[in-house]
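Down below is the structure, laid out as structure tokens.
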Amino acid sequence: MAIKIRTKNGDVTVENDVIASVVGGATIANPGVVGMASRSALKDGVNQILNRENYGRGVVVSEQEKGLTIDVYIVVQHGMKLADISASVQARVKYYLNAYLGLQVPEVNVIVQGIETED
């Protein structure tokens with residue numbers, strides 16, 4: 001699914017992979033986030049950390065009546081406060097999407113797929 005943005009000069013189409021890349025960059029910039037996780041953890045490998053090219057497997061973009069909804073799947077560092085990390089991810093994702101793409105996103109859902117423990 002692509003997002004169309006209407007401007008005074010014409011339409012701009014933003015593909016999901018672009019949105020996923022922006023969301024992934026915003027997410028991994030947060031302290032305590034080890035990386036992006038696949039939304040299909042059992043199918044793709046439990047707690048597999050996604051590289052930049054695969055951020056789309058850890059982000060779901062859906063269009064609702066109130067606007068875009070973003071679901072972000074992450075792996076966090078052991079010992080970190082999940083509520084704080086989640087709130088930070090939500091705020092940063094909203095900021096990045098607005099700053100880079102001009103998108104206002106009313107809802108960012110954070111799903112913690114795993115916790116990376118120290119060996």
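Observations on the model:
- Selection from region 60-100 of residues that are of a type in the set (D, E) and in contact with a strand residue (DSSP E or B) (Cβ under 6 Å, 6 or more places away or on another chain): D71
- For region 103-118, the set of residues classified as surrounded by fewer than 17 Cβ atoms within 10 Å (Cβ to Cβ) and of a type in the set (A, V, I, L, M, F, W, C) consists of I111, V112, I115, listed by residue number.
- The C-beta contact set for region 5-19 (first residue closer than 15 Å to N98 by Cβ and in contact (Cβ under 8 Å) with a residue 12 or more places away in the chain, second residue in a strand (DSSP E or B) and among the hydroxyl-bearing types (S, T, Y), distance under 8 angstrom, 6+ apart or interchain) comprises I5/T13.
- Residue match in region 33-54 (condition: among the β-branched types (V, I, T) and at pLDDT 85 or above): yes
- Selection of region 51-86 for residues being of a type in the set (S, T, Y) and touching a Gly at 6+ places or on another chain (Cβ under 9 Å) yields Y55, Y73.
- Filtering region 90-119 to residues that are free of Cβ contacts under 8 Å to residues at least 12 places away in the same chain and over 15 Å from P31 (Cβ atoms) leaves N98, A99, D119.
- Within region 70-102, restricting attention to residues that are of a type in the set (F, W, Y) and within 14 Å of V59 (Cβ to Cβ), the residue that is surrounded by the fewest Cβ atoms within 10 Å (Cβ to Cβ) is Y96.
- Filter result (assigned to a helix (DSSP H, G or I), hydrophobic (A, V, I, L, M, F, W, C) and closer than 19 Å to I111 by Cβ) within region 1-32: I19, A20, V22, V23, A26, I28
- Inter-residue pairs, beta-carbon under 6 Å, first more than 14 Å from I111 (Cα to Cα) and in region 78-89, second not basic (K, R), 6+ apart: H78/I115; H78/T117; M80/G32
- Evaluated against (1) closer than 20 Å to G32 by Cβ; (2) at pLDDT below 90, V76 falls short on exactly one condition, (2).
The values are calculated or read from the model by the stated rules, or taken from the named source; none is laboratory data. Remember, it's a predicted structure, so these values are computed and weren't measured experimentally. Note: ideal-geometry Cβ built from the backbone for every residue, glycine included; neighbour counts use all protein chains shown.
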